[in-house]
Amino acid sequence: MGIMMMMFGLLMIIVCICSALLRWNQMRYSKKGLPPGTMGWPIFGETTEFLKQGPSFMKNQRLRYGSFFKSHILGCPTIVSMDAELNRYILMNESKGLVSGYPQSMLDILGTSNIAAVHGPSHRLMRGSLISLTSPAMMKEHLLPKIDAFMRSYLSGWDAFETVDIQEKTKHMTFLSSLLQIAETLEKPEVEEYRTEFFKLVEGTLSVPIDLPGTQYRCGIQARNNLDRLLTKLMRERRESGETYTDMLGYLMKKEDNRYLLTDKEIRDQVLTILYSGYETVSVTSMMALKYLHDHPKALEELRKEHLAVRDRKRPDEPLNLDDIKSMKFTRAVIFETSRLATVVNGVLRKTTHDLELNGYLIPKGWRIYVYTREINYDTSLYEDPMIFNPWRWMEKKMESMSYFLLFGGGARHCPGKELGISEVSSFIHYFVTRYKWEEKGGEKLVVFPRVSAPKGYHLRVSPY
């Protein structure tokens with residue numbers, strides 16, 4: 001009996017301490033003029049609920065506090081905006097007291113010069129450099145020929161396997177394709193070394209920034225250091241060789257006729273930005289496009305007809321060119337609809353540079369504003385039957401020009417690699433649907449937050465078309 005009373009007393013003490021901590025943390029952020037909301041635990045805030053519950057957490061908070069509320073996620077006090085018009089205003093007015101405000105873990109791992117971290121002149125420099133690397137001329141003369149040759153080779157012989165895990169295949173494919181465009185001279189053992197470290201880096205970018213052994217954050221930092229070492233070695237070897245290279249790294253390192261001269265650190269950050277930013281969007285969109293096409297035979301029939309028409313006007317071994325990619329109107333619609341339903345980028349973060357009045361509230365300097373764009377993709381006032389896969393909706397009107405079209409960001413932060421990513425997915429789809437038909441092995445569960453994934457893989461039986 002005495003032991004039971006002691007345990008009950010200890011439990012009550014723990015409950016009181018927890019309640020006091022929650023109340024104290026709430027009081028810390030109860031400044032006059034802030035929107036309603038909850039702040040969770042000291043240090044951790046509501047990060048666990050946000051990462052585990054994702055869209056459900058956001059919807060519950062929205063029901064309680066409206067479309068503009070406060071929280072504490074990913075290590076910092078944050079205002080969450082779920083209002084479509086307000087989100088567009090925030091994205092289009094970065095210079096007016098708002099700058100990019102990504103989590104500390106992401107900034108530490110991707111580097112202080114990555115395009116998501118910088119603003120002002122530094123942002124214009126890094127963005128200009130990226131745009132020059134993905135210009136129509138670069139796409140036509142250098143990038144698309146490499147993408148086509150890679151996809152043609154990578155997608156060969158898949159019908160020889162009993163089953164194919166498309167999730168693993170598209171992840172591997174996207175990383176290899178991007179690395180080939182960056183540094184085409186790497187040997188296979190070097191590629192594997194880059195791949196091992198890069199996957200650790202990706203996991204670390206969405207972690208709580210606590211630098212302890214065994215944490216994802218520590219592993220991400222170590223992976224970043226190892227990638228820096230590999231890139232430094234590669235850049236040194238290239239300079240010593242005196243040769244000219246026509247891949248992305250070659251253009252970044254070029255001194256002559258280069259409007260965007262970067263330091264070595266900026267080049268390393270830029271390389272990892274290219275690898276990171278395209279990796280998840282291209283791999284997930286490629287995988288989920290096959291999922292939606294499998295589930296919607298009419299859409300698959302329409303898409304396959306478009307790609308067979310491209311092949312009919314070309315020789316069997318003739319590569320895709322930029323005009324072919326531009327002619328794939330329905331494919332582009334499928335990519336947009338897949339990106340809308342299988343949301344990879346749930347929102348973007350901004351940080352206030354001074355106390356800022358927004359939506360009738362006063363947001364303190366240094367707070368993050370999470371422009372949560374995910375729910376816009378399922379808004380019934382914007383999309384008819386938003387939960388239904390309907391690529392034709394993108395063919396009926398010019399939805400890319402609509403004010404709520406934020407699949408690729410907005411304003412000065414609009415994705416500079418948008419067309420490159422679309423070309424990669426289009427090339428993958430082209431060689432897949434013209435070579436193969438497929439059926440699901442079945443049983444795999446898909447999760448949509450914080451990352452779209454199939455925890456046990458997405459397995460297909462592939463046979464010749």
- Å² per residue, accessible surface of the chain at 1.4 Å: 48
- Subtracting the Cα-Cα distance from 0.36 nm times the residue separation, let me have the gained length for Lys326 to Lys254 in nm, one decimal. 22.9 nm
- Query: If the chain between Glu168 and Lys59 were fully stretched, how many nm would it gain, using 0.36 nm times the residue separation less the Cα-Cα distance?
  - Reply: 36.1 nm
- Of the range 377-399, those with amide N under 16 Å from the point 7 Å along the Cα→Cβ vector of Glu440 are 388-390
- With a Förster radius of 35 Å, plug the Cβ-Cβ distance of Gln222 and Leu261 into 1/(1 + (r/R0)^6) and report the FRET value to the nearest 0.05. 0.70
- Note on the structure: Calculating Cα Rg over 2.2 N^0.38 Å from this structure picks out, from [x] 1.39; [y] 0.91; [z] 1.05, entry [z]
- Quick one: dipole size for the chain, taken about the Cα centre, charges +1 on Lys/Arg Cβ and -1 on Asp/Glu Cβ, in debye to the nearest 20. 1100
- Take every Cα pair under 8 Å in the chain that's 6+ residues apart, average their separations, divide by the length, and report that relative contact order as a whole percent. 23
- Tell me, how many Å apart are the Cα centres for the range 33-53 and for the range 264-303? 31
- For the range 74-464, give the percent of accessible area contributed by carbon and sulfur heavy atoms, probe 1.4 Å, rounded to a whole number. 53
- TM-like helix rule applied to the chain (DSSP H, alpha carbon span at least 30 Å on the long axis, mean Kyte-Doolittle at least 0.5) gives 2-28
- Chain lengthening between Glu193 and Thr215 when straightened (0.36 nm per residue, less Cα-Cα): 5.8 nm
- Item | Sum of -39500 (n - 2.57) over DSSP H runs of 4+, divided by residues of the chain (222 nm, nearest 500) | -16500 deg cm²/dmol
- All other residues with a Cβ under 10 Å from the Cβ of Asp108 taken together, and with Lys, Arg as +1 and Asp, Glu as -1, what is their net charge? 0
- Task: Send over the semi-axes of the range 62-173's equivalent ellipsoid, whole angstrom and largest first, taken as the square roots of 5 times the C-alpha gyration tensor eigenvalues.
- Result: 37, 24, 15
- Burial order of peptide ranges 425-436, 325-336 (average beta-carbon count within 10 Å, highest first): 425-436, 325-336
- Item | Sites Glu184 and His294, calculated FRET efficiency, Cβ-Cβ separation with R0 45 Å, nearest 0.05 | 0.85
- Message: Report, in listed order, any pair from Lys70/Lys365; Lys291/Lys329; Lys169/Lys291; Lys291/Lys456; Lys52/Lys351 with a Cα-Cα distance greater than 18 Å.
- Response: Lys291/Lys329; Lys52/Lys351
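The values are calculated or read from the model by the stated rules, or taken from the named source; none is laboratory data. Keep in mind it's a predicted model, so treat the numbers as computed, not measured. As a convention, Cβ positions derive from the backbone with ideal geometry for all residues, glycine included, and neighbour counts pool all protein chains shown. The accessibility values were calculated without ligands, DNA or RNA, using every heavy atom of the protein model including side chains. Shrake-Rupley method; radii C 1.70, N 1.55, O 1.52, S 1.80 Å.
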